[in-house]
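All remarks here apply to the structure that follows.
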Amino acid sequence: MSEFQMTHVALVGARMDSFAPLGFRNRSDLTMSRALPPAGPQPCQQQDRPALQAQLALELPIWVHNCICDRQFPARERLSMHLRKFEGELRDNRNNEVIATVLNCGFRNRQMNPLELPDSMPLRQRCNMLMHLGPWQEAYRELERQFTAILASEVNQLDLWLASSRTEIDRDVAI
């Protein structure tokens, strides 16, 4: 996981609300665990592609965590290429106001989605975040687009993985 540590902090730690319904409160709870999203009304392969991709995009933090932590995750090699690119963007832009805030919040397991700023955020901070949103938004949207497209193309394998996976990851399967 150390290869994608910044990605895990940014997309898992800063999005822990995505994991709360699954019983995880912080990144430590996710150690050696798969995060299995709640089963939908139908298997992934029976959903039409736009609906499936929209669902996968909503659950992106969950899929990113599983891809990073589980060597048996479907299409992991293809997905890892895009995780590396996102990790590089985070490293290259870590002094950007938005990326620094997301990493800081993620490290502390505090919710921070720069694409959905909280109403309680002070106006000055909100404006500052909006002024520096570009690098985050571009990197996130590209990762989201690539991840959802690859997962949607591997829908049969994804359904098999979901059906056969347990929450705990065996030590020989973990990174």
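The values are calculated or read from the model by the stated rules, or taken from the named source; none is laboratory data. All values derive from a computational prediction rather than experimental measurement. Here the Cβ positions follow ideal geometry from the backbone for every residue, glycine too, while neighbour counts run over all protein chains shown.
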- Item | For residue 119: the one exception among (1) out of contact with any His (no Cβ under 8 Å at 6 or more places or on another chain); (2) in contact (Cβ under 8 Å) with a residue 24 or more places away in the chain | (2)
- Taking residue 103 as meeting all but one of (1) part of a helix (DSSP H, G or I); (2) free of Cβ contacts under 8 Å to residues at least 12 places away in the same chain, write down the number of the exception. (2)
- Message: Scan the range 89-100 and tell me whether some residue there is out of contact with any Cys (no Cβ under 6 Å at 6 or more places or on another chain), under 18 Å from residue 16 (Cα atoms), outside any loop (DSSP other than H, G, I, E, B) and touching a residue at least 12 places away in the same chain (Cβ under 8 Å).
- Response: yes
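Filter the range 128-168 for residues that are among the β-branched types (Val, Ile, Thr) and at pLDDT 95 or above; which is farthest from residue 71 (Cα to Cα)?
148
Residue by residue, here is whether (1) among the charged types (D, E, K, R); (2) free of Cβ contacts under 8 Å to residues at least 24 places away in the same chain; (3) in contact with a strand residue (DSSP E or B) (Cβ under 8 Å, 6 or more places away or on another chain); (4) not in a helix (DSSP H, G or I) holds:
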position	(1), (2), (3), (4)
130	no, yes, no, no
141	yes, yes, no, no
146	no, no, no, no
161	no, no, no, no
- Does any residue of the range 73-89 turn out to be more than 17 Å from the chain's Cα centre (by Cα), farther than 18 Å from residue 37 by Cα and of a type outside the set (Val, Ile, Thr)? no
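Can you spot a residue in the range 66-82 that is in a loop (DSSP other than H, G, I, E, B) and of a type in the set (Gly, Ala, Ser)?
Step one: list which residues in the range 66-82 are in a loop (DSSP other than H, G, I, E, B), which gives 71-75.
Those left that are additionally of a type in the set (Gly, Ala, Ser): 75.
Scanning the range 66-82, I find at least one residue that is in a loop (DSSP other than H, G, I, E, B) and of a type in the set (Gly, Ala, Ser), so the answer is yes.
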- Meets criteria (over 19 Å from residue 36 (Cα atoms), surrounded by 14 or more Cβ atoms within 10 Å (Cβ to Cβ) and of a type in the set (Lys, Arg)) for residue 126: yes
